[in-house]
Amino acid sequence: MTPAELDSLTIPALLAATVAQQGSKEALGTIRDGQLTWLSWNDLAAGVDRWRARLEACGVAAGDRVAQLGPNSADWILVDLAIQSLGAVHVPLHAALAAAQVAEQVGHSGAKLLVVDSLATDNKLRGTLPSQVEAIVHDDCLCSPLLKGREQPSTVASGNRAQGGSLLVVEERNSLFPNTLATILYTSGTTGPPRGVMLTQRNLVANAVGVTDAVAAIADEIRLCLLPLSHIYARTCDLYSWIYRGTRLVLAESRDTILRDCQLARPTVINAVPYFYQKVADGLAETPAADTAGALRNALGGAVKRCYCGGAGLAPEVEACFESQELPILSGYGLTEASPVVTATTFDSYAAGTVGRPLPNLEVRLADDGELQVRGPNVMAGYWRDETATAAAIQDGWLQTGDLAVWSETGNLRIVGRKREMIVLATGNKVAPTRIEQLLVGSPWIEQCCVVGDGRKCLAALIVPNPDKLRQEIRRRRLWVWSRRRALTHPKVLALYREEIDRCLAAAASFEQVGPFTLLGRGFSIEAGEMTPKLSLCRGVIERVFSGEIEALYRGGPGARTPRLAT
């Protein structure tokens, strides 16, 4: 698709074209109580019409902001598309946010309406929202019969909605243009308060089309969506690219049912973050060696052809596990401000430890200090109501990503760390903590970790053990522990982790080795503000919460250099 053609398109236009072409074909699969059911493209168009009518009845017009809170669902998708078809602005909120955070983002965006998934969510928010904001619930909408198996609508019988169909009529009536603001997404806030990223129709279309064309989509694709659509990663790479391709998309029922849902949907493509692939690799490690051939593909449904990954770096051990099963994980790089995809990997460009090559419809360069900069139709319009931050982020048309990168020998991009997160040791050596953490979480013994050490003589680590592995080892070794706390400080347990840390970092430089460490009794959580909704570490919060443990480590705490574990 040429740049001129892209510049004339919007997400509602892509939808209208696909509905016209695909009509009654299966489009969206939903799973409820272990049962997979399908909606056709015509069903989706009818659902969008119903939601648009409901929103108009609530007074929503072009330019208005409409917030939405809830997990992935067919209704979530219909609401998003209906808002955009009105020329209004969709403000998706992460389901894990506390009520006060929801109220803050609703207020900051100036939303006039909040759509929530259930009465329970509505009750949780009651009394916290700005007084001028009305809240409506999915179940209140007239489109519910479409999704709950009741009487089907007869207003859309067959395919050609582009010929006078309401999707196109509404788009024209509301003067929806490529430069129309489509959505405001609040960043995760790893280095400060969340900011509202403004993405236009042009941004979304350019990125969805660009990434689809770059990886040469599978014609008969079935994609399992397991990431929250409130993040731009899933929204562009799963939702909008699916609308462009006109293939099939299945929503996982929940985070806890993903592997079961793989068996139901038998996807050919999966998009995920490193945490998912880590769990799959850990499970494969428990499989007897004689049964490993094909076990990975079978765990993912038996039909998977491509596994894509983004959001963070992969542990080398996880990459090696998938590559050994002839299913290499195709990593990409992006950020919300870039809609989000900047680079993508194909089978031809695959190289472990890299994130592929730039999409053909954008430009990438490295500044003198190694910061990655991006320019193209995918770059955001700016931050909502924050001109100062916008001016700092976009300079001469180039988005300053804040990420440090290098080019590999194969021409791929390799991310080496965050500019603001670099640890400078007392020795003057600089360390990218994310790289060390990626190496450590590759261990089946380590669930999470946070590396610290700015201004110190060496690195230290806060380690969250894998509870199942630790429990098994305590039983196997018949260690005498009378509490979980005692287990985390037992000399033999510490010796085991000392050995595992040293093994994971065997190829790292001497100044990148972890000295003291401690085993934590709980994991880092979103609720405590220690992780973002996309599972990135909020380092400042973690270092503040665990300041006592960190100080104890540098005074010679529990995980000092202990003797190696005797076998």
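The values are calculated or read from the model by the stated rules, or taken from the named source; none is laboratory data. As the structure is a prediction and not an experimental result, all values here were calculated from the model. Cβ: placed from backbone, ideal geometry, glycine included. Neighbour counts: every protein chain shown.
Quick notes on this one:
- Search result, residues across segment 111-123 that are assigned to a helix (DSSP H, G or I) and surrounded by 17 or more Cβ atoms within 10 Å (Cβ to Cβ): T121, D122
- Conditions (1) under 30 Å from L226 (Cβ atoms); (2) assigned to a loop (DSSP other than H, G, I, E, B); number of the one not met by A507: (1)
- Scanning segment 341-389 for residues that are on the phi > 0 side of the Ramachandran plot and free of Cβ contacts under 8 Å to residues at least 60 places away in the same chain yields a total of 2.
- Taken as a whole, the structure leaves A214 outside the set of residues that are out of contact with any Gly (no Cβ under 8 Å at 6 or more places or on another chain), under 27 Å from R65 (Cα atoms) and modelled with pLDDT of 90 or more.
- Residue within segment 493-502 that is in a loop (DSSP other than H, G, I, E, B), in the same structural domain as E437 (by TED's automatic domain parsing) and either over 24 Å from H94 (Cα atoms) or modelled with pLDDT under 90 (or both) present: no
Here's the yes/no breakdown for (1) outside the structural domain of G402 (by TED's automatic domain parsing); (2) modelled with pLDDT of 95 or more; (3) surrounded by 21 or more Cβ atoms within 10 Å (Cβ to Cβ):
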position	(1), (2), (3)
Q438	yes, no, yes
V464	yes, yes, no
R478	yes, no, no
S510	yes, no, no
E527	yes, no, no
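- Just one of the listed residues (R414, R365) is basic (K, R), out of contact with any Lys or Arg (no Cβ under 7 Å at 6 or more places or on another chain), surrounded by fewer than 21 Cβ atoms within 10 Å (Cβ to Cβ) and assigned by TED's automatic domain parsing to the domain that holds Q105, namely R365.
- Test: residue in segment 387-396 that is crowded, with 23+ Cβ neighbours inside 10 Å and either of a type in the set (K, R) or at pLDDT 95 or above (or both): no
- For L239, the conditions (1) crowded, with 20+ Cβ neighbours inside 10 Å; (2) touching a Ser or Thr at 6+ places or on another chain (Cβ under 9 Å) all hold with the exception of (2).
- Scanning segment 218-247 for residues that are within 18 Å of A265 (Cα to Cα) and small (G, A, S) yields A219, A234, G246.
- Apart from one condition, M380 fits all of (1) hydrophobic (A, V, I, L, M, F, W, C); (2) in contact with a helix residue (DSSP H, G or I) (Cβ under 9 Å, 6 or more places away or on another chain); (3) surrounded by fewer than 21 Cβ atoms within 10 Å (Cβ to Cβ); (4) not assigned by TED's automatic domain parsing to the domain that holds L537; the exception is (3).
- Count - residues of segment 417-459 that are within 18 Å of I542 (Cβ to Cβ) and hydroxyl-bearing (S, T, Y): 1
- Filtered residues of segment 510-537 (kept if hydrophobic (A, V, I, L, M, F, W, C) and either touching a Gly at 6+ places or on another chain (Cβ under 6 Å) or part of a loop (DSSP other than H, G, I, E, B) (or both)): F517, L520, F524, I526, A528, L535
- Test for G246: is it modelled with pLDDT of 95 or more, in contact with a helix residue (DSSP H, G or I) (Cβ under 9 Å, 6 or more places away or on another chain) and on the phi > 0 side of the Ramachandran plot: yes
- Selection count where residues are closer than 26 Å to R498 by Cβ and either assigned to a loop (DSSP other than H, G, I, E, B) or touching a Ser or Thr at 6+ places or on another chain (Cβ under 7 Å) (or both), scope segment 423-444: 8
- Residues in segment 128-144 that are in contact with a helix residue (DSSP H, G or I) (Cβ under 9 Å, 6 or more places away or on another chain) and either modelled with pLDDT of 90 or more or not in a helix (DSSP H, G or I) (or both): T128, L129, P130, V133, A135, I136, V137, C141, L142, C143.
- From the options A391, A426, residue that is out of contact with any Pro (no Cβ under 6 Å at 6 or more places or on another chain) and in the same structural domain as D282 (by TED's automatic domain parsing): A391
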